[in-house]
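Visitor: Before we start, here is the structure in question, set down as structure tokens.
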Amino acid sequence: MKQKIAVKVDDLTVAYNYKPVLWDIDLEIPEGVLMAIVGPNGAGKSTLIKSILGILKPIAGSVTIYGKPYEKQRQLVAYVPQKGSVDWDFPTTALDVVMMGTYGSLGWIKRPRQKEKKAALEALEKVGMLAFKGRQISQLSGGQQQRIFLARALVQNASIYFMDEPFQGVDATTEIAIINILKELRKAGKTVIVVHHDLQTVPEYFDWVTFLNVKKIATGPVKDIFNDDNLTKTYGINFKVSVQE
Amino acid sequence: MTKMDITEYFSLVFSDYTLRTITLGTAVLGAVTGMLGSFAVLRKQSLLGDAISHAALPGIAIAFLITGAKDTNTLLLGALVSGLIGTFWIKSIVKKTHLKSDTALGLILSLFFGFGMLLLTFIQKQPNANQAGLDKYLFGQAATLVESDVWLMVIVTGLCLFVLLLFWKEFKLLLFDADYTKTLGFNTKFIDILITSFIVLAIVLGLQTVGVVLMSAMLLAPAAAARQWTNSLATMVFLAAIFGAFSGVFGTAISASQTNLSTGPVIVLVASVFVLFSFVFSPSRGLLFKQIRFIKNRRDLELHKTLAFMHHIAETHENISHPHAIKLLNNFQGYTRSTLQKLVEKNYVELKGNMWSLTEVGFETAENLYTKQSTEDE
């Protein structure tokens with residue numbers, strides 16, 4: 001079966017200073033996969049996502065979403081940043097943060113109304129946070145904050161989701177809750193791309209994986225390419241991770 | 001200004017033209033800087049105001065050198081231009097070099113202020129009778145406010161309010177999560193320039209009243225005070241405007257009722273009183289209530305732990321109300337005479353001579369302690 005390509009990255013090169021953080025990345029992500037991006041610290045995982053989303057300006061390269069330039073396809077893409085990237089003492093409530101997910105489709109100036117509020121409440125319910133809708137965001141636990149970020153992306157009702165370490169600093173309950181939502185998204189035909197750190201859970205959670213360390217090492221189905229060989233190439237030390245299944 | 005009573009001031013403020021103009025001016029100025037200050041504080045750009053106001057000084061001097069005019073609007077236009085240049089230099093330094101924003105702010109602040117002072121001394125040496133008065137922009141002189149100045153402030157404040165309401169959603173989004181704002185397709189540069197330009201504008205307008213040196217306090221103090229009282233951005237902006245306006249009015253009143261008290265510093269001091277009061281007395285974030293809650297929490301926990309310990313002992317007996325010796329409790333660290341007294345008051349424990357026993361209620365409460373605590377956590 002020939003799958004549609006959801007995200008296509010060509011010759012992407014990104015540098016902060018002189019040394020490139022990403023070098024000549026070519027990547028095709030098929031529609032409907034739940035993909036992990038793995039690699040050591042400083043491998044450029046977050047940078048890859050941020051460059052695809054236009055947050056960072058690459059030195060070279062192009063990104064297309066379903067065959068068209070990213071700028072024209074923004075509505076199809078949702079983003080879950082790292083939890084630590086914002087100030088959680090900001091004076092606002094959980095519901096208000098989730099509502100921000102509707103701002104993109106609203107466009108400039110227009111205010112969110114009942115319809116947007118309803119969508120936000122539904123997303124809060126989906127992540128099990130409805131009871132906390134009026135809670136000041138600094139009074140949420142790390143796991144709850146992560147769920148709020150996830151709900152904000154869900155509200156966007158996108159086709160492709162980019163998530164930067166959604167499991168970082170969350171407890172086991174939240175991790176399971178989040179992965180279940182991601183699997184549901186995949187079931188609904190969405191494409192989900194996740195920067196991931198815990199190699200042990202890759203075979204259990206994901207069906208697609210990209211190994212990254214400045215250059216792209218490998219990309220493909222977990223069952224075919226998640227092996228000691230690729231891990232060693234990516235992390236530079238000998239690896240023995242027994243692949244389950 | 002001559003000495004007068006505060007009450008006299010408030011009766012005069014409606015009839016005396018000069019006093020009314022100054023009061024209105026400082027109130028409007030306080031409101032607009034308070035509003036915009038909320039944004040600066042939440043963006044962690046608190047010191048931006050300081051840099052902008054200092055960066056405005058050479059603009060004032062150059063405007064005077066070019067036109068020879070002492071008219072406020074011309075000088076403030078110069079201040080606006082150099083303030084904007086300073087601000088965007090700071091932004092590009094942060095963007096293009098690896099310097100952090102505090103370093104960039106400090107650099108631009110001292111560079112522009114130094115240059116401004118140089119020009120001021122140069123102007124003072126000129127054989128031009130018109131020169132005097134430029135140094136009033138250093139510390140401000142509210143008494144020089146005239147009706148047209150106040151009108152200008154009102155217009156800018158109105159414009160600022162309009163833009164704030166129009167782009168409220170975009171401002172909030174950018175303040176909270178700039179990267180995410182970009183991915184939603186908003187032009188973050190435009191929103192940023194809009195906010196920053198208004199901050200520069202408000203600061204420049206305040207130079208005549210409060211002066212270069214103290215202007216940043218007008219931006220920060222009302223916002224810092226407002227943050228203590230609310231968890232909503234809209235309320236914070238509103239409160240900051242109110243605090244700012246009141247600082248202006250009270251500051252003017254106090255300085256008008258004493259001789260030789262210049263208005264700018266007094267306004268800033270009044271604003272600081274708002275901050276101090278808010279830091280101590282805000283119900284949710286204030287130091288006082290935090291400390292009270294902390295102590296109360298500790299007492300409750302000690303009480304619960306003691307009860308749990310007693311429950312543990314009582315459980316060893318078939319009859320839960322079987323009396324035990326008080327000295328048994330001495331083994332437990334959290335136990336004090338007063339906790340025992342409180343437990344008796346709550347009817348959890350009965351005392352008889354040197355013996356204590358758990359009541360039915362006490363036993364049940366102790367059993368439910370843990371589950372109760374975990375539901376309160378939810």
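The values are calculated or read from the model by the stated rules, or taken from the named source; none is laboratory data. Worth saying up front: this structure is predicted, and the values here are computed from it rather than measured. Neighbour counts run over all protein chains shown; Cβ positions are idealised from the backbone, glycine included.
Visitor: Specify which of the listed residues (B:230, B:181) is among the hydroxyl-bearing types (Ser, Thr, Tyr) and either closer than 28 Å to residue B:89 by Cα or part of a helix (DSSP H, G or I) (or both).
Guide: B:181
Visitor: Restricting the search to the stretch B:304-358, which residues are buried (at least 17 other Cβ atoms within 10 Å of the Cβ), closer than 20 Å to residue B:368 by Cβ and not hydrophobic (A, V, I, L, M, F, W, C)?
Guide: Those that are buried (at least 17 other Cβ atoms within 10 Å of the Cβ), closer than 20 Å to residue B:368 by Cβ and not hydrophobic (A, V, I, L, M, F, W, C): B:304, B:306, B:311, B:339, B:342, B:348, B:357.
Visitor: Follow-up question, since we're still on this one. Conditions first: (1) buried (at least 16 other Cβ atoms within 10 Å of the Cβ); (2) in contact (Cβ under 8 Å) with a residue 40 or more places away in the chain; (3) farther than 29 Å from residue B:190 by Cβ. Residue A:149 passes all but one, so which condition is the exception?
Guide: Failed condition: (3).
Visitor: Output the residue which, of all residues in the stretch A:100-112 that are more than 8 Å from every other protein chain (Cβ to nearest Cβ) and at pLDDT 95 or above, is surrounded by the fewest Cβ atoms within 10 Å (Cβ to Cβ).
Guide: A:102
Visitor: Looking only at the stretch A:142-194, count every residue that is in a helix (DSSP H, G or I), within 14 Å of chain B (Cβ to nearest Cβ) and β-branched (Val, Ile, Thr) and tell me the total.
Guide: The qualifying residues number 3.
Visitor: Ok, one more. Considering (1) under 15 Å from the mean Cα position of the chain (by Cα); (2) among the aliphatic types (A, V, I, L, M); (3) closer than 20 Å to residue A:42 by Cα, say which one residue A:199 fails and leave the rest.
Guide: (1)
Visitor: Select, from A:97, A:127, A:86, the only residue that is more than 25 Å from residue B:40 (Cα to Cα) and either β-branched (Val, Ile, Thr) or within 8 Å of chain B (Cβ to nearest Cβ) (or both).
Guide: Among A:97, A:127, A:86, only A:127 is more than 25 Å from residue B:40 (Cα to Cα) and either β-branched (Val, Ile, Thr) or within 8 Å of chain B (Cβ to nearest Cβ) (or both).
Visitor: Same structure, new question: What number of residues within the stretch A:8-57 are buried (at least 16 other Cβ atoms within 10 Å of the Cβ) and within 14 Å of another protein chain (Cβ to nearest Cβ)?
Guide: Total meeting the criteria: 10.
Visitor: For residues in the stretch B:202-260 being without any contact (Cβ under 8 Å) to a residue 60 or more places away in the chain and over 30 Å from residue A:95 (Cα atoms), which is surrounded by the fewest Cβ atoms within 10 Å (Cβ to Cβ)?
Guide: In this case the residue turns out to be B:260.
Visitor: I'd like to check something: does the stretch B:68-75 contain any residue that is exposed (fewer than 15 other Cβ atoms within 10 Å of the Cβ), touching a residue at least 40 places away in the same chain (Cβ under 8 Å), in contact with a helix residue (DSSP H, G or I) (Cβ under 8 Å, 6 or more places away or on another chain) and assigned to a helix (DSSP H, G or I)?
Guide: Within the stretch B:68-75, one or more residues are exposed (fewer than 15 other Cβ atoms within 10 Å of the Cβ), touching a residue at least 40 places away in the same chain (Cβ under 8 Å), in contact with a helix residue (DSSP H, G or I) (Cβ under 8 Å, 6 or more places away or on another chain) and assigned to a helix (DSSP H, G or I).
Visitor: Do any helices (runs of 4 or more DSSP H) entirely within the stretch A:49-141 hold 3 or more residues that are among the aliphatic types (A, V, I, L, M), and if so, which? Please lay out each step first, then the result.
Guide: Numbers: elements: A:94-99, A:103-106, A:114-126.
So the answer is A:94-99, A:114-126.
Visitor: All but one of (1) within 12 Å of chain A (Cβ to nearest Cβ); (2) within 20 Å of the chain's Cα centre (by Cα) hold for residue B:183; which doesn't?
Guide: Of everything listed in (1) within 12 Å of chain A (Cβ to nearest Cβ); (2) within 20 Å of the chain's Cα centre (by Cα), residue B:183 misses just condition (2).
Visitor: For residue A:10, all conditions in the list (1) touching a Ser or Thr at 6+ places or on another chain (Cβ under 8 Å); (2) of a type outside the set (A, V, I, L, M); (3) not in a strand (DSSP E or B) hold save one; what is the number of the exception?
Guide: So the condition that residue A:10 fails would be (3).
Visitor: From (1) over 29 Å from residue B:13 (Cβ atoms); (2) without any contact (Cβ under 8 Å) to a residue 24 or more places away in the chain; (3) within 11 Å of chain A (Cβ to nearest Cβ), pick out the condition that doesn't hold for residue B:172.
Guide: (2)
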